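The values are calculated or read from the model by the stated rules, or taken from the named source; none is laboratory data. Computed from a predicted model, the values in this text were never measured in an experiment. Here the Cβ is made from the backbone with ideal geometry for all residues, glycine too, and neighbour counts use every protein chain on show.
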Amino acid sequence: MAAATGAVDGGVEDAAHFLVRMFSGMGDKATVIDQSIAEAEILHEGFRVGRDMSGPARSVLFKSWTALWQGAISSHRAPMSLTSELADKDETTVRWTVKAA
């Protein structure tokens, strides 16, 4: 996946840009909105995989989706964590936070 997306196995900035490329490649809008050496925030608009879902099924999908990307970020050599939260009432925007451990 790294080779296909031009990803670098580096720090927080590299992990954030990897996520932006992945989410954008799925047809969603994703941007790094805040970044430092220790932390980066990504705004992910669209959340296509959850489109047309609601209730408990959407909640389970969101938790699973988050766990998938947490695994991808934890596979980096540098220890990092990834958290997510739905950032709007329509649950179509996700705020992701990558933090150096």
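Tabulated data
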{"read-out": "Residue count, the range 35-50 (criterion: touching a residue at least 40 places away in the same chain (Cβ under 8 Å), exposed (fewer than 13 other Cβ atoms within 10 Å of the Cβ) and out of contact with any Lys or Arg (no Cβ under 7 Å at 6 or more places or on another chain))", "value": "1"}
{"read-out": "Answer from Val20, Val32, Val60 - the residue that is closer than 20 Å to Thr5 by Cα, among the aliphatic types (A, V, I, L, M) and either in a helix (DSSP H, G or I) or in contact (Cβ under 8 Å) with a residue 60 or more places away in the chain (or both)", "value": "Val20"}
{"read-out": "Sole exception among (1) surrounded by 13 or more Cβ atoms within 10 Å (Cβ to Cβ); (2) under 11 Å from the mean Cα position of the chain (by Cα) for Arg58, by number", "value": "(2)"}
{"read-out": "Residue among Arg48, Arg95 that is of a type in the set (Lys, Arg) and in contact with a Leu (Cβ under 8 Å, 6 or more places away or on another chain)", "value": "Arg95"}
{"read-out": "Considering residues of the range 25-34 that are in contact with a strand residue (DSSP E or B) (Cβ under 7 Å, 6 or more places away or on another chain), loosely packed, with under 15 Cβ neighbours inside 10 Å and not charged (D, E, K, R) only, the residue farthest from Thr92 (Cα to Cα)", "value": "Ile33"}
{"read-out": "Counted residues, the range 63-86 - those being assigned to a strand (DSSP E or B) and either exposed (fewer than 12 other Cβ atoms within 10 Å of the Cβ) or at pLDDT 95 or above (or both)", "value": "6"}
{"read-out": "The range 1-17, residues that are part of a helix (DSSP H, G or I), under 12 Å from Ala100 (Cα atoms) and either free of Cβ contacts under 8 Å to residues at least 40 places away in the same chain or in contact with a strand residue (DSSP E or B) (Cβ under 9 Å, 6 or more places away or on another chain) (or both)", "value": "Val12, Glu13, Ala15, Ala16"}
{"read-out": "Flag if Trp96 is among the aromatic types (Phe, Trp, Tyr), within 21 Å of Met1 (Cα to Cα) and in contact (Cβ under 8 Å) with a residue 60 or more places away in the chain", "value": "yes"}
